[in-house]
4 protein chains.
Amino acid sequence: MSWFETSLMAKSGVAKGEARTTHSITIADQGKFHYVYGPYVDPVIEVDPGAVVTVETHDAFEGKITSESDQPSKILNFPYLNPQTGPIYVKGAEKGDCLAVKINSVKPRGPQPVGTTCLIPEFGGLVATGDTALLNDPLPEKVKKVRLDENGVYWSDKITLPYEPFIGTIGTSPEIEAISSLQPDYYGGNMDLPDVAPGAIIYLPVNTPGAFLYVGDCHAVQGDGELCGVAMEMPATVELQVDLIKGHTIAWPRLENEEFVMTIGSARPLEDASRIAYRELCRLVAAETGMHINEAYMLLTMAGKVRLGNMVDPKYTVGASIARKYLV
Amino acid sequence: MSWFETSLMAKSGVAKGEARTTHSITIADQGKFHYVYGPYVDPVIEVDPGAVVTVETHDAFEGKITSESDQPSKILNFPYLNPQTGPIYVKGAEKGDCLAVKINSVKPRGPQPVGTTCLIPEFGGLVATGDTALLNDPLPEKVKKVRLDENGVYWSDKITLPYEPFIGTIGTSPEIEAISSLQPDYYGGNMDLPDVAPGAIIYLPVNTPGAFLYVGDCHAVQGDGELCGVAMEMPATVELQVDLIKGHTIAWPRLENEEFVMTIGSARPLEDASRIAYRELCRLVAAETGMHINEAYMLLTMAGKVRLGNMVDPKYTVGASIARKYLV
Amino acid sequence: MSWFETSLMAKSGVAKGEARTTHSITIADQGKFHYVYGPYVDPVIEVDPGAVVTVETHDAFEGKITSESDQPSKILNFPYLNPQTGPIYVKGAEKGDCLAVKINSVKPRGPQPVGTTCLIPEFGGLVATGDTALLNDPLPEKVKKVRLDENGVYWSDKITLPYEPFIGTIGTSPEIEAISSLQPDYYGGNMDLPDVAPGAIIYLPVNTPGAFLYVGDCHAVQGDGELCGVAMEMPATVELQVDLIKGHTIAWPRLENEEFVMTIGSARPLEDASRIAYRELCRLVAAETGMHINEAYMLLTMAGKVRLGNMVDPKYTVGASIARKYLV
Amino acid sequence: MSWFETSLMAKSGVAKGEARTTHSITIADQGKFHYVYGPYVDPVIEVDPGAVVTVETHDAFEGKITSESDQPSKILNFPYLNPQTGPIYVKGAEKGDCLAVKINSVKPRGPQPVGTTCLIPEFGGLVATGDTALLNDPLPEKVKKVRLDENGVYWSDKITLPYEPFIGTIGTSPEIEAISSLQPDYYGGNMDLPDVAPGAIIYLPVNTPGAFLYVGDCHAVQGDGELCGVAMEMPATVELQVDLIKGHTIAWPRLENEEFVMTIGSARPLEDASRIAYRELCRLVAAETGMHINEAYMLLTMAGKVRLGNMVDPKYTVGASIARKYLV
C-alpha cells in the first residue's frame, strides 16, 4: 500500500501509521448509546495512538424499524436518533492536534433483511421540512427493508446495487458544545459522505483532551446527496485504525485515499459548504506544494472535483478533492 | 396594561401573569458564566412561576474589551464568548410546556463608556466569514467605545442614537444538546432581535425539566440585521417576570407586545428563517381565529410584517408579526 | 415639502425637480402591453425631464381573473403575465445617468370588486415552487376578489385593511437583455416593495438611450414579503413625475422619502439581497457624509432598517434604509 | 454506437438520429456575435433536423485577452461578454418540442497559447461578488495563458492536465426574454457543465419557432464548479448534429451519454439547483420505468450522482444522473 506510506498519517502520526494494539467495542460493551457529539460523558475505552478498534454500530434507527408496515413517525423519538458508539479516548490528544482514522472495513451485521430505508414526514431533499418550512402536505411514509451482503444490495427483482459501504457519522467532540449526531460540522459528525469508506483515512480536528471519537450510522450504499434523507442504513461492524498528529491543526475534516486528497465542509446554504471545502483545499494545495494560494485557486478551477455528501441534514456536506498526482 | 390581561401569559400562566416572588442574580452570585445553552450544569437558582428575577449580565465580551486600542482577535478566546447568566430552574416546567418571560426593564450597568462595538475579522454581515469562506483579506479590526445612558447612545459629536435596549440572547436549554450561546435556534438563544425588549413577553419552548432559562448579551440599540455582527453591547441589569404555561407546546419562540404577536425563526439561508417564522405565524393566526391556515396565509400576504434580527450569527433570525387587531 | 427640496432629484435633476409638462398614457393609448423589460420595442411616448405622466396600468393578471370561481392555472398564460405600460422614452437619458421618478399618486381604477388575490399552484413563499422544486402536492387554488377604495381594503366582515398603495413593478430597460416583468433586478422591475409609494422618489439606473421607463402591477396593500406571491392586485391610475440626473451612476435602485433614504437589492438567497442593499447603503452613507465606509458599516449596525419586499419572485427584494437625520 | 440507437434522439427524432445534411458557420459567416439568448435577431442559418453543423466559436473573451500582462477589468466591456455563434433556426421546431443536439467534437482553434484563464475582480466562487456583496477588497487580477492541444493542457512545467473539452454555453432562445449569455437557465445557456462533451446528446426545450440554437464558450478542461469563474477558455471548432423531437416537452435540459442519463438544474441557492435537477430526474425515472415517483425518489437516494457545473454564474448549475443500467 505505497500511497499509505506517503500519507500524513504514516509520515506524521505518533504511531507512524502502524497498527499496534487491538480493541473492540460490542453493542453490549457500549450499553448506553449517545445522541450528541459532546464532552459530557465518560469514554467507553481509552487507547493509545496505533490502536486498531473493532466497533459495532447500530443503524440510524437503533434497529427499531423492523418491518415495511412500520410507521417511522410513530417509532422514532426525536432527539434520540442516530445512536453513536463511543466515545473513544485517545491518549495524548489535545486541542489543536489532528486525529487520523484509517477505515479498514465496514461489514453488515445481523439478520436479513439487514438494510432499511424509508420516507419520513418533513425530512428529505425533495420535500418541505422543518427548516424549509412550507404549507404543503407531507409525502406518505414508507419503509423499505432490503436484503444485502458484501456482494450486493438486492434492491428489487430487477436492480442489484453495488455494496459500497461507508461510515455516515464519525467525528470528535466539540470543546464545550454537545451537538446532535444528526448534524455534521467542523468536527465531522453526520456528514453522510460516501468517500468515508474502507481504504480511506479521515482526519479530524481535536477539540478536547482525548479527542472523544464517536462513530455510527453505516450505509451499505448511497447516492450523492442522500436524496430522501435515509440511505441504505445497516447495523455494522467497523474496523478503525487510530493515530494522532500532534500540533497539526485543521479547521475542518480532511480525507486521503489512493486517488486524491479531500477537504470537507458542512454548512447551509449549499454554496457555503462548497466554499468551505474549496477554501480548505486551496490552503492544503498551497501548503503542500508551496504555490501561492491564488495559484491553487486557479489550479482547482481546472482540476478540482466535488462530491455532494448530503443535502438533507441540518448542514449540507460537500467534499472537494484533487488528484494526488497534481500535488507537485 | 390592558393588552397584558389578554396575553397568553396572563390568561394561561400557572401564576396568571402575576408577580409573586422576587429574586436576584448578581455577577457575584453567578460566579462562573456559561457559553452553551445546555442541561449539563446546575441551576443558579430555582423559582416558582410568578417569580420576578433581577439578573446582572455581562456584555458579549465579558467586559474584556476596554479600550479602542484593543484588538478583539487577540483578546477574544473562542468558544468562550457571549457569557450567559443562569440557568434559572422554573419549578414545574416539563418538556412540552411553554415558558413565558415578561421583560420589565433592561438598564445599563457599570462605568462609562458602557457601550462597545467593534469589527472582528471574518465576522459580520458584509464580510467573508468562516462559513461564507472566501479568499479575500479581512477588514481591519476596529473597536469603538461609546458613552450611553437611558437617555441616549452618544455615537459621535453629530449623532445621538436612541436608547432602545433589548436582550440579545435569551432561551431555554435543549433536551440533550448543549449549543453555543452564539447561536439562535428553536429554543431562543442568540436571536439578536430588537423586539425582545422591555414591554414584551417572550414565549419559549420547554425541552427539559425546569426549563433552564439563560439570559445575556444586552444591547443598547441595534439596527435590523446587526450588520457588522456587534451591536451596542453593554453590561446590564435585567428584570424578568417568569411564568409557565402547562401543556402548551410551541415549536419556535413567540412574542407578544402591545401592538402585535410575533413568531420567530432562525435558519440559513435567510429565506428559511423567514419561512419558519411565517409558517408559525400562519399556524398561530389559524389557531387564534379559527380561520383555515390557507386563509391565514392569504391574510398575512396583506398584513404580515417582518423584522430582521440578525444576518450574522450561525443562524439568521427573522420575526414575523401581525397586529393584534387583526386576530379576530 | 421641504425634504423634497433637499432631495437628489430637486438638487441635481435636469429639471431641478420641477413639474414642467403633462402627459398621459391610457390603456387604449398603450394598446399592446409588454411582459419583458427590454430595449426591443418602440416607446409609447417621449418626454423631457420635468414631465408629469398619468399612466393607466392593468393589474398583474391583465384583468383576466374576474370571479372567485376562476382557476388561475387555466387562465394565466405564462410568460404573458404582469403587463407593463410603457416604455416612456426620456429625452437626454444615456447609459450611466440616473432616472428620478417621483410618485405623486396611485389610485384604483375600474368596477368593484377592484382587488384580486389568489393562491397559484407552485408559486408563493410557503410552498414548493419551480425553483424550490419538491415532490409535495401543491395547495389548492383559490381566488379572492376584494372591494377596496382609497379609504380601505374591505377584506372581510371583520377586517378592513388600510389602503396603502404602491407600485409593484417599475424600472428601466437593461442595455441588451429583455427580462420578464416578473423579475426584479438592478434596473428595478418586479420589486414588490411597499415603500415605492406615493410621496417617494425612486432612482433607477439608465442603461440604454432614453432610459425606457416601464410601470405596472399596482397593489392596494401588501405585507412584508408578499407572502403567498399575490398582493392586493388592482388596476390603477398612477401619476409620476420624471427627472434625470446626468452622469450620476448607481448600481441598484435607490429611494428617498420624507423619513429615510433607501437602497434596494434583489437576489437569491435572501441574504444576498440584504448584502446588496446594505453594501449600497454603506456606499451612500460614506458618499453623503464623508465618513469612511467602515464607519458607515458600524453606524448602520446601530441605525439601519430593513424592509422585505418580496420573498416569492425570481429574485427576492430587500430595501435597507437609514433615517435622513443621521446623514450628517 | 449501440447506446445511441437506444437514445431518445435516435428513437424519436424527426431524422431518427441520422446525419443528413452538412453545414458550417465560420467566424466570418457569423460576423456579428450575440451576447444574449433571445428571439430578437435573425438566424445565421436555417437547417432541417438531421443537420450536421460545424461551428466556429470565440472564447468567452472574444479573443481580447492576449497576454499575461493584460488587465481583464480594463479590456472586458460588460455586458458584451461570452459571444455566441448562432442562432441556428431548426425547421419545424415549435414551442413544446425538444431539440436534440449530439456533440461530435470540440477542437481548439487558433495560434498558441490557445488557452486563457484569469482572475477577474468581484467574480468567482471564493470571492465577494456583485451578488454576495461584501466590503472586502478584491483579489488582484491575474491572466494565465496556457498552451494546449488535443493531447493535453500544459499548465506548468510540472503539471499537464487532460484535454477534456466541452461546450460551456449552449441553448435555445426563451420565448420573449433575451437573457445574458453569462446566465444558465431552463433553456440551457452558460451551464459550464463538463458533461456537455463530445459523445453526449443534450436535449433542450423549444420555446420559440425554429428553436434558435446558440453555442459558444468552449473549455479545454474544467474542474467541478469552475471555481475561479474562468475555466480553460479556448476558441474552438465544434461539430454538432441536430435533431428534433416533436411534442416532447421538457422543463429543463437533459443529457444522455453511454453511461448515464442526466437532468440539469440552474438556480440559487445551490440546493435549489440540486432540487430542480433531482426532481426532474425523479420524473424521468418514473416515466421511463413506470415506477411511482416516490419509488424513483428512493432509488435515486441510493443510485443518484451529482455533478457540479458552476458555482460562479448568475445561477449555479447541477447535473443529476443515474446509470442507464438502472432504468429497467
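The values are calculated or read from the model by the stated rules, or taken from the named source; none is laboratory data. These figures come from a predicted structure and were not determined experimentally. For neighbour counting, all protein chains shown are included, and Cβ atoms are generated from backbone atoms with ideal geometry for every residue, glycine included. Surface accessibility is based on the protein's heavy atoms, side chains included, excluding ligands, DNA and RNA. Shrake-Rupley method; radii C 1.70, N 1.55, O 1.52, S 1.80 Å.
Quick notes on this structure:
- Copy-to-copy label separations for C:Q71, where each label sits 7 Å from Cα toward Cβ, in nm and ascending: 3.2, 6.1, 6.8
- With 29 Å as the limit on Cα-Cα distance, the pairs of D:K64/D:K91; B:K102/C:K305; A:K32/A:K145; C:K16/C:K107 that go past it are D:K64/D:K91.
- With θ taken as phi - 60° and the Karplus curve 6.51 cos²θ - 1.76 cosθ + 1.60 applied, the whole-hertz 3J(HN,Hα) list for region C:320-325 is 10, 9, 9, 4, 4, 5 Hz, x standing for glycine and proline.
- Per-residue ellipticity at 222 nm computed for the protein assembly as shown from its helices equals -4000 deg cm²/dmol, with DSSP H segments shorter than 4 residues left out and the rest contributing -39,500 (n - 2.57).
- The alpha carbon gyration tensor of region C:217-318 gives principal lengths a ≥ b ≥ c with a/c of 1.5 or higher and a/b no greater than b/c, which makes the shape oblate.
- Where labels lie 7 Å past Cα in the beta-carbon direction, separation of D:V328 and D:A287 in nm: 2.3
- Region D:230-245 residues near the modelled D:K16 label - backbone nitrogen below 19 Å, point 7 Å along Cα→Cβ: D:241-245
- Between the C-alpha center of region C:211-285 and that of region A:1-69 there is a gap of 56 Å.
- Shielding value for B:223-236 is 5, the average number of Cβ atoms from other chains within 10 Å of each residue's Cβ.
- Look at the dipole of region D:230-328 built from charges on Cβ: of D:S274, D:I322, D:M298, the Cα furthest out on the positive end belongs to D:M298.
- Calculated on the alpha-carbon coordinates, the convex hull of the protein assembly as shown measures out at 167 cubic angstrom per residue.
- Think of each Lys and Arg Cβ as +1 and each Asp and Glu Cβ as -1; about the Cα centre, that makes the dipole of chain A roughly 380 debye.
- Acute angle (nearest 10 degrees) that the helix B:270-289 long axis makes with the longest principal axis of chain B, alpha-carbon atoms: 30
- At R0 = 51 Å, FRET efficiency that the Cβ-Cβ distance of A:S24 and D:E5 yields, to 0.05: 0.40
- For C:I45, the point set 7 Å out from Cα toward Cβ sits 4.9, 7.0, 8.6 nm from its twins in the other copies, listed from shortest up.
- Share of pairwise Cα separations in region A:117-205, more than 18 Å, in percent: 64
- Take each residue in B:76-86, count the other chain C-beta atoms within 10 Å of its C-beta, and the mean is 1.
- By the Stokes-Einstein formula, at 1.002 mPa s and 20 °C, chain C with its Kirkwood radius over alpha-carbon pairs has D equal to 108 µm²/s.
- Nearest 10 degrees, 0 to 90: helix B:293-303 Cα axis against chain B principal axis: 50
- Distances in nm from A:G130 to the matching label points in the other copies, shortest first (labels 7 Å along Cα to Cβ): 2.3, 3.3, 4.0
- Axis proximity, chain D to B: residue whose C-beta lies nearest, plus whole-Å distance: D:N136, 2
- The protein assembly as shown - accessible surface per residue (Å², probe 1.4 Å): 31
- Residues of region C:105-125 with amide N under 18 Å of a point placed 7 Å along Cα→Cβ from D:T249: C:121-123
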